[in-house]
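The values are calculated or read from the model by the stated rules, or taken from the named source; none is laboratory data. Everything numeric in this text was worked out from a predicted model, so none of it was measured. Note that we place each Cβ from the backbone using ideal geometry, even for glycine, and neighbour counts take in every protein chain shown.
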Amino acid sequence: MEITAKKLGVLAYSIRVNDHQGELLEEASAEQPRTMVFGTGRLLGSFEQKLMGLKAGDSFEFTLNPAESFGEYNPDMVMDLPVAAFIVKGEIKPGLLDIGNMIPMMDSEGNPFNGKVISVLGDKVNMDFNHPLAGKSLYTTGQILEVREATHEELNPVAAGCGCGTPNDSCCGGGSHHGHHHDDDHHHHHGDDNCGVCGNAPELQGQGIGSCQCV
């Protein structure tokens, strides 16, 4: 059986930055593979297309350039926000504005995304809203271990976790999964800072950005 839309694939693979010698970003072994449901919009489209037509036993190797993955790095996505935007219930959560911390945010249309704290100076927080992998290519190698029809439940997963700023734990998208217990495919693993209440802070309405923090 080949990978096509509405099929579930079980994969062992690794993803590195730029080439085979680059930083290891993600890995799923044959002992702890990852399952992916294809043709549902939950996977990175370019990643999915590279695997279409493959079957159990096939190996793969390809590189996704920035345009095919998370885009080029955009310096305009680095901006200052008021410290007041991060206040929830009269206070800022301890550690929230630590340098390097990823904070879940949302735009004026409610779309979730993350911002990285670059610096805090006075009442301003300098944030980088580029994806952490922006400007990087993704070198991917691996093997298809199994292909089968996806169940109704796997094609229509129940929403789980937090509703704002919850990034996939996978470069390619989809939920992580260890072993072959396919009924858990739709669950993602989120850190504590990725859950909670989302709301537009008044100070950010003009910029179309709102805070999304655990409370």
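List pairs: first in region 28-40 and within 16 Å of F60 (Cβ to Cβ) and in the same structural domain as S14 (by TED's automatic domain parsing), second among the basic types (K, R) and not in a loop (DSSP other than H, G, I, E, B), Cβ under 6 Å, 6+ apart or cross-chain? Cβ pairs passing all conditions: A28/R34; F38/K7. Being assigned to a strand (DSSP E or B), in contact with a Leu (Cβ under 7 Å, 6 or more places away or on another chain) and of a type in the set (A, V, I, L, M), is that true of even one residue in region 68-88? So far as region 68-88 goes, yes, one or more of its residues are assigned to a strand (DSSP E or B), in contact with a Leu (Cβ under 7 Å, 6 or more places away or on another chain) and of a type in the set (A, V, I, L, M).
Just one of S137, S176 is modelled with pLDDT under 50, within 19 Å of S69 (Cβ to Cβ), out of contact with any Gly (no Cβ under 8 Å at 6 or more places or on another chain) and surrounded by 13 or more Cβ atoms within 10 Å (Cβ to Cβ); which is it? Result of the check over S137, S176: S176. Please verify whether region 69-76 includes one or more residues that are exposed (fewer than 15 other Cβ atoms within 10 Å of the Cβ) and touching a Pro at 6+ places or on another chain (Cβ under 6 Å). Yes, that holds for at least one residue.
Residue check: L11 meets all listed conditions (1) in contact with a strand residue (DSSP E or B) (Cβ under 8 Å, 6 or more places away or on another chain); (2) over 28 Å from N114 (Cα atoms); (3) at pLDDT 95 or above; (4) not hydroxyl-bearing (S, T, Y) but one, namely (2). Restricting region 66-93 to residues that are within 21 Å of the chain's Cα centre (by Cα) and of a type in the set (F, W, Y), which is nearest to L133 (Cα to Cα)? Applying the filter and picking the extreme gives F70. Test S46 against the stated conditions and say whether it is without any contact (Cβ under 8 Å) to a residue 24 or more places away in the chain and surrounded by 12 or more Cβ atoms within 10 Å (Cβ to Cβ). Here the answer is yes, as S46 does meet what is asked. Kindly evaluate L145 against the criterion of being among the aliphatic types (A, V, I, L, M), surrounded by 16 or more Cβ atoms within 10 Å (Cβ to Cβ) and either closer than 25 Å to V78 by Cβ or at pLDDT below 50 (or both). It is false that L145 is among the aliphatic types (A, V, I, L, M), surrounded by 16 or more Cβ atoms within 10 Å (Cβ to Cβ) and either closer than 25 Å to V78 by Cβ or at pLDDT below 50 (or both).
Taking the criterion of being free of Cβ contacts under 8 Å to residues at least 40 places away in the same chain and hydroxyl-bearing (S, T, Y), the only residue of region 98-123 that qualifies is S119. Find all pairs meeting these conditions: Cβ atoms under 6 angstrom apart; at least six residues apart or on different chains; first residue within region 55-67 and at negative phi; second residue part of a loop (DSSP other than H, G, I, E, B). Within 6 Å, the pairs are T63/S137; N65/S137; P66/E72; P66/G135.
Considered as a group, the residues in region 27-43 that are buried (at least 21 other Cβ atoms within 10 Å of the Cβ) and among the aliphatic types (A, V, I, L, M) include one that is nearest to the chain's Cα centre (by Cα), and that residue is M36. Here L24 passes the criteria (1) at pLDDT 95 or above; (2) closer than 16 Å to E61 by Cα; (3) surrounded by 13 or more Cβ atoms within 10 Å (Cβ to Cβ) except the one numbered (3).
Can you confirm whether I92 is touching a Phe, Trp or Tyr at 6+ places or on another chain (Cβ under 6 Å) and either within 30 Å of D123 (Cα to Cα) or basic (K, R) (or both)? The answer is yes for I92.
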